[in-house]
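Right, one structure below, let's go through it.
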Amino acid sequence: PTPPPPPAAAPGPTLPSAAAMEATILQLAAMATSGAAPPASPCLGPPPAAASQQTSPPSASPPAASLPSIFVSVASYRDPEAPHTIRSLFAQAESPSRVYVGVCFQCALDGDEDADCLDLSLLRPEWAANVRVLRLPWREAKGPVWARFLIQRRLLRDEDYYLQVDSHSRFAPGWDAELLAMLKRCASPKPVLTTYPLPYDGDAEGATLSQERRATLLCTRAARDDAFGADGMLRFRARLLERQPCSPLPTAFWAAGFSFSASSLVREVPYDPHLPFLFFGEEVSLALRMWSRGWDLFAPDAQLVCRTGLSQSLPSLRALGAAPVGAPRLPQVGARAAQGHLLGGRGGRRPQAREPGEGATAAHRLAAPRRRGGAPDGRRGGRGWRGGRGWRG
């Protein structure tokens, strides 16, 4: 016998026409602008029930797990502005949950002498949970390079991005989202945002940001203004741009007081712990090391961070590195000599101005054509360059 025919299939859903889909999208856009609930749609299905809409209250920011994380390095030497810098980082962030701070406090740990430099009571509990702290007696400090090395080695974990700032800084609202967007506007696969920020007014909780939104660009001093210091290190300063650019501008120099990049920069170009009490020379040497490993430096296209001038504690920190009279060698002299050797200068003597190329100092080579993975003048190996023995780590 012939088998009975199979039952007729149920009719499938009728797909809307292209015109109907376009009308639905336009209607949804209008509803989103007015704040009304979306209508039932053959494309997107019916709106959720009112009860289900009330089960999860709206959040001020997405969950931390879905956001790229930012690690902020803060080296502080007896600086009472440091706790306020940390508070500003969280209070002004669009998503504070993704911000992690590593701070190295170099202070008097006993008594009340430096109590205001260590006080984190201004932080909310959820902010304080994202702060990692190193506390060192101030007499054991060895300068900013060493402190920043300790932060990178001991406090940085697996965060996605790395921000380094001075301990006397303040931040614009939404700085975290703005910096991430700005980094994407850089014309390089390995960008670093850096500059000397404009100053803020006041101090502590009374500090106010500069109202200037134009960006700054790092430039060398003019020759008549003594571009090289007595120690042979190149000096530079920030100049305010006449107009705000549409995207970050390439720059030749790097500033330790504001640097933002992917955290892979720290693995490729870590701080050298063997440069005690080095103040001038840190920025030029790190700029060259970044550059020779394929990182490109950019000036921000807007002001998101402000900072004061040199910390009042800086003179005492320099004095801490001085040896007693008659000592055979000061620690900062050795560090300066090492940097002079690395940079191709004389280490404590003014380098002679030469044309970019063979024999020029490293500061002059910044203007010369480069090849990735080698020295700016195209040489490979050699002391102080890739494959050489001048860099530790």
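The values are calculated or read from the model by the stated rules, or taken from the named source; none is laboratory data. Bear in mind that the values here come from a model prediction, so they are computed numbers and not experimental data. Neighbour counts are summed over all protein chains in view; Cβ atoms, including those assigned to glycine, are modelled from backbone coordinates with ideal geometry. Quick note on the areas: whole protein, heavy atoms, side chains included, nothing else; ligands and nucleic acids left out. Shrake-Rupley method; radii C 1.70, N 1.55, O 1.52, S 1.80 Å.
General observations
- Listed values for region 158-167 are Karplus-derived 3J(HN,Hα) couplings in whole Hz (6.51 cos²θ - 1.76 cosθ + 1.60, θ = phi - 60°), namely 10, 5, 7, 10, 10, 10, 10, 9, 6, 7, and x replaces Gly and Pro.
- Evaluating 6.51 cos²θ - 1.76 cosθ + 1.60 at θ = phi - 60° for every residue in region 232-242, the Karplus couplings come out as x, 8, 5, 9, 9, 9, 8, 10, 6, 6, 5 Hz, glycine and proline recorded as x.
- Largest first, the residues His84, His274 sort by 1.4 Å accessible area into His274, His84.
- Leu109 exposes around 80 Å² of accessible area when a 1.4 Å probe is run over every protein chain in place.
- Within region 161-187: backbone nitrogen closer than 13 Å to the Ser247 label point (7 Å, Cα to C-beta): 182-187
- Accessible carbon and sulfur surface of region 192-280 relative to its total accessible area, %, 1.4 Å: 51 percent
- Rolling a 1.4 Å probe over the protein chains gives Glu113 an accessible area of about 120 Å².
- Cβ-based net charge around Leu217, under 14 Å, with every Lys or Arg adding one and every Asp or Glu removing one: +2
- The label point for Glu268 and the one for Leu134, both projected 7 Å from the Cα toward the Cβ, are 2.4 nm apart.
- Net charge in the neighbourhood of Ala207 (other residues with Cβ under 12 Å of its Cβ; Lys, Arg +1, Asp, Glu -1) is -1.
- Within-9-Å neighbourhood charge of Asp176 [Cβ basis; K, R +1; D, E -1]: -1
- Using heavy atoms of the protein chains and a probe of 1.4 Å, the accessible area assigned to Ser66 is about 80 Å².
- Taking each residue as 0.36 nm, the span from Glu126 to Arg235 lengthens on full extension beyond its C-alpha to C-alpha distance by 35.1 nm.
- The calculated FRET efficiency for the pair Ala204 and Asp110, based on their C-beta separation and a Förster distance of 22 Å, comes to about 0.40.
- Across region 203-220, rounded Karplus estimates of 3J(HN,Hα) from the backbone phi angles (6.51 cos²θ - 1.76 cosθ + 1.60, θ = phi - 60°) give 8, 6, 6, x, 6, 10, 6, 5, 7, 6, 9, 5, 8, 10, 10, 6, 9, 6 Hz, Gly and Pro being marked x.
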